[in-house]
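**Q** Please read through the structure below; I'll follow up with questions.
What follows draws every value from the coordinates through simple rules; no lab data is involved. Everything quoted here is computed from the prediction, not taken from an experiment. Neighbour counts run over all protein chains shown; Cβ positions are idealised from the backbone, glycine included.
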Amino acid sequence: MADVFSRLLLATEHSDFDVGAEALAFALARRCGLPLAGVMPILSNPEYEALAPQLAARTDEQAGDAMQALAADAARAEVALTMRARHGPEPYLEIVDEAVQQSADLIVIRRRGKRGFLGQVRVGEMVRKVVAHSPCSVLIAPREARMWTQCVLTPVDPQAPALRVVALAAAVARDCAVPLSIIAVASGDEPEARHAAEATLQQAVRAAGGATGLRVDTQLRIGRTHEQILAAAATAGASLIVMGRDGETRPGRAWFGGATQKVIGLAQLPVLVAVFPNLTEPAAP
């Protein structure tokens, strides 16, 4: 993994909802032999601090206690952690800005905080905005998330195959010595749709070919995209899903939704959302 990511940033409030992200960030840092940076966003604004200074001070005190507790957890995990608290009216902006300042290439974050309406299929608002605006890849962890030790699964869209996402998934799988499963979901059972999906799978296998010694298998499925991705993950015994950021078709457009958001909201395993500075896809091999 050190060949794939070299600057890790953990975004956490050290709550019960963050335990999976923290455990996963510690495991990655330890496996890769990397230091770990951390950011704790604190919701605040000048008006609040002026009108309620005692409450603001109490919030800072609680954040300090949480960071000390997290530092102790990191020490027990034998991870060098450097934490920073950041204040602002939009917590996601503090996380994104910290990623820029740290030149991070991977943000590790929880899936959501407190449960809300349709909590089983929705990603937390802060997390959704982080993914949409992040300058780097984002690893989203449910509370039960742990380091992957089995198959890595990545889907490809027959209409717009993101081959760099496949290459990243292959690199992660190779470095962790686990197989890679590639899935394409056809738009229908017509011969044309199946042919397009099969051709896309062939392209994706070639894109993963640079990962020497990697075992690759493919699945062609028909149905609703997010449902088939989750079913394929279960069939393959996947412990990590690698996807692209939906709707990212040109520079300057940050949008997050569709199948990626649904998979993140429903999966009981970590999902790595691949983000690349240059949005232009390479030509198909």
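**Q** For the Cα atoms of the chain, what angle does the longest principal axis make with the long axis of helix 163-175, in degrees from 0 to 90, nearest 10?
**A** 70
**Q** Hey, another quick one. With both partners inside the chain, how many of the DSSP beta bridges are antiparallel, as a percent to the nearest 5?
**A** 5
**Q** Next up: Find me the longest stretch of the chain that has none of the exposed GluC sites (Glu not before Pro), where exposed means in a DSSP loop (not H, G, I, E or B) with at most 15 other Cβ atoms within 10 Å.
**A** Numbers: sites that count: Glu78, Glu144.
Answer from the scan: 145-285.
**Q** For the stretch 8-141, what is the per residue volume of the convex hull drawn over the alpha-carbon atoms, in cubic angstrom?
**A** Working: hull volume 14.3 nm³, N = 134.
Here the figure is 107 Å³ per residue.
**Q** Sticking with this structure for a sec: Translational diffusion coefficient, Stokes-Einstein: compute it for the chain using the Kirkwood radius over C-alpha pairs as Rh, at 25 °C and 0.890 mPa s, and state it as an integer in µm² s⁻¹.
**A** Numbers: Rh = 19.5 Å.
Calculated translational D: 126 µm²/s.
**Q** How about the stretch 21-75: which trypsin sites (Lys or Arg not before Pro) there lie in a loop by DSSP and see at most 11 other Cβ atoms within 10 Å? Display every interim value, and only then the final one.
**A** Working: sites: Arg30, Arg31, Arg58; in loops: none.
Within the stretch 21-75, no trypsin sites (Lys or Arg not before Pro) qualify (loop, at most 11 other Cβ atoms within 10 Å).
**Q** Right, another one. Whole percent per 5 Å bin, from 0 to the bin with the longest distance: what is P(r) over all C-alpha pairs of the stretch 151-240?
**A** 3, 17, 27, 25, 18, 7, 2, 0
**Q** Around Arg112, which amide H atoms from residues at least 5 apart in sequence, or from another chain, sit under 5 Å from its own amide H, with H modelled in the peptide plane?
**A** Amide H to amide H, under 5 Å and 5 or more residues apart or across chains, Arg112 pairs with Gly124.
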